[in-house]
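Enquirer: Before I ask anything, let me first share the structure, which is written out below as structure tokens.
The values are calculated or read from the model by the stated rules, or taken from the named source; none is laboratory data. Just so we're clear, the structure is a prediction, and the values are computed from it rather than from any experiment. Every residue, glycine among them, receives a Cβ derived from its backbone with ideal geometry; neighbour counts consider all protein chains shown. Remember, those area values only see protein heavy atoms, side chains included, never the ligands or the DNA or RNA. Shrake-Rupley method; radii C 1.70, N 1.55, O 1.52, S 1.80 Å.
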Amino acid sequence: SMYFGDKDTLYVRSLEGPDDRRKILEKVRGGFKVSPDGKTLCFLRAEEHSQVLMLANPDGSHVRKLAVLPRFSSTWTWSADSSAIAVLTWKGVDRNRYKNILWVIATQPPGALYQIGEWEGDSGALLWPDVNGLLVDRRDSLWFYSTPDQTWSMVQDAAGLTAFRPAGPDGWTIAASRHRKSQTFWDALWRVTGLDNGRVEDHLLLLHIAK
């Protein structure tokens, strides 16, 4: 099956045959994500001047509230084992400054939001490749958060980093996007290596295409 959104409505349809789309959810704000095990949908819903992180079954049934977010968010990701969600929110510090706050919440069983990081400035993507930790874009750098140790390590200093995304089935090979001269290029392929009990030892730049 394939999921797709139209305005605030989420549909599902088969990949083959005639268009048999079915409406399964409404009031979906800010996109949706299917858990890695395919058993749960996560989406944002606006309710009474707040954003709510919601869960539902793949067919749209059993809609339930997971957490009311303390601040605005449009970035979140599932853990590789589908047991938790990391969500990035932001808040203003003053007129020209703001902070990013990274939270984690368990989904099996549902738990409470707890904060694992806070920093000022731009932030982009989140990836949670396995239970050992998350990869996070923090102000022009790629960082790793170790869930066993609850510590942060910088993996790669990357001026102009705007986003990254998976580029391999294991989750630790990523394509990085960097912004230069008013243009954005997917110009680096990184393999994050040396993970030992959640600690980043080094990184390996596999491909860099000069622009």
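Enquirer: Of all residues in region 93-147 being over 14 Å from the mean Cα position of the chain (by Cα) and β-branched (Val, Ile, Thr), which is farthest from Ala67 (Cα to Cα)?
Expert: Restricting to residues being over 14 Å from the mean Cα position of the chain (by Cα) and β-branched (Val, Ile, Thr), the top hit is Val93.
Enquirer: Looking at Ser83, Ser50, Ser35, Ser79, which one is of a type in the set (S, T, N, Q), in contact with a strand residue (DSSP E or B) (Cβ under 9 Å, 6 or more places away or on another chain) and farther than 24 Å from Trp128 by Cβ? Give the steps one after another, and end with the answer.
Expert: On the way: Ser83 fails: farther than 24 Å from Trp128 by Cβ; Ser35 fails: farther than 24 Å from Trp128 by Cβ; Ser79 fails: farther than 24 Å from Trp128 by Cβ.
Residue meeting the stated conditions: Ser50.
Enquirer: Can you tell which of Lys33, Lys27 is surrounded by 13 or more Cβ atoms within 10 Å (Cβ to Cβ), of a type in the set (Lys, Arg), in contact (Cβ under 8 Å) with a residue 24 or more places away in the chain and over 20 Å from Ala112 (Cβ atoms)?
Expert: Details: Lys27 fails: in contact (Cβ under 8 Å) with a residue 24 or more places away in the chain.
Lys33 is the lone residue from the list that is surrounded by 13 or more Cβ atoms within 10 Å (Cβ to Cβ), of a type in the set (Lys, Arg), in contact (Cβ under 8 Å) with a residue 24 or more places away in the chain and over 20 Å from Ala112 (Cβ atoms).
Enquirer: Moving to a separate point now. Which residue pairs have Cβ atoms closer than 6 Å, lie 6 or more positions apart in sequence or on different chains, and pair a first residue in region 146-165 that is modelled with pLDDT of 70 or more with a second residue that is open to solvent by less than 80 Å² (accessible area, probe 1.4 Å) and among the aromatic types (Phe, Trp, Tyr)?
Expert: These pairs meet every condition: Trp152/Trp143; Trp152/Tyr145; Ser153/Phe144; Met154/Trp143; Val155/Phe144.
Enquirer: Now a separate question. Only one of Arg45, Arg71, Arg97, Arg21 is farther than 17 Å from Ser123 by Cα and open to solvent by 70 Å² or more (accessible area, probe 1.4 Å); which? I'd like the intermediate steps shown before the answer.
Expert: Numbers: Arg45 fails: open to solvent by 70 Å² or more (accessible area, probe 1.4 Å); Arg71 fails: farther than 17 Å from Ser123 by Cα; Arg97 fails: farther than 17 Å from Ser123 by Cα.
Criteria check complete, one pass: Arg21.
Enquirer: Let me ask something additional. Looking at Ser14, Ser61, Ser50, Ser73, can you tell me which residue is free of Cβ contacts under 8 Å to residues at least 60 places away in the same chain and in contact with a Pro (Cβ under 9 Å, 6 or more places away or on another chain)? Can you show your working first?
Expert: Working: Ser14 fails: in contact with a Pro (Cβ under 9 Å, 6 or more places away or on another chain); Ser61 fails: in contact with a Pro (Cβ under 9 Å, 6 or more places away or on another chain); Ser73 fails: in contact with a Pro (Cβ under 9 Å, 6 or more places away or on another chain).
Selected residue: Ser50, the only one of Ser14, Ser61, Ser50, Ser73 that is free of Cβ contacts under 8 Å to residues at least 60 places away in the same chain and in contact with a Pro (Cβ under 9 Å, 6 or more places away or on another chain).
Enquirer: Out of everything in region 80-94 that is of a type outside the set (Asp, Glu) and part of a loop (DSSP other than H, G, I, E, B), what residue ends up being least open to solvent (accessible area, probe 1.4 Å)? It would help to see each step written out before you state the result.
Expert: Step one: filter region 80-94 for residues of a type outside the set (Asp, Glu), giving 80, 82-93.
The next check asks that each one be part of a loop (DSSP other than H, G, I, E, B); those that pass are 80, 82-83.
Values: Ala80: 45, Ser82: 2, Ser83: 37 Å².
Looking at residues that are of a type outside the set (Asp, Glu) and part of a loop (DSSP other than H, G, I, E, B), I get Ser82.
Enquirer: To continue, here is another question. Scan region 48-68 for residues that are hydrophobic (A, V, I, L, M, F, W, C) and loosely packed, with under 14 Cβ neighbours inside 10 Å and jot them down. Step through it out loud before you land on a result.
Expert: If we filter region 48-68 for residues that are hydrophobic (A, V, I, L, M, F, W, C), which is where we start, we get 52-56, 63, 66-68.
If the condition is that a residue be hydrophobic (A, V, I, L, M, F, W, C) and loosely packed, with under 14 Cβ neighbours inside 10 Å, then Val68 is the only one that fits.
Enquirer: Take Thr89 and tell me if it is over 20 Å from Ser35 (Cβ atoms) and hydroxyl-bearing (Ser, Thr, Tyr). Spell out the reasoning first.
Expert: Numbers: over 20 Å from Ser35 (Cβ atoms): yes; hydroxyl-bearing (Ser, Thr, Tyr): yes.
Yes, satisfied.
Enquirer: Additional query: From the set of residues in region 1-18 that are open to solvent by 40 Å² or more (accessible area, probe 1.4 Å) and among the hydrophobic types (A, V, I, L, M, F, W, C), which is modelled with the lowest pLDDT?
Expert: Just the residues of region 1-18 that are open to solvent by 40 Å² or more (accessible area, probe 1.4 Å), to begin with: 1-8, 11, 13, 15-18.
Right, trim to among the hydrophobic types (A, V, I, L, M, F, W, C) and you get 2, 4, 15.
Details: Met2: 81, Phe4: 80, Leu15: 77.
Checking each candidate, the answer is Leu15.
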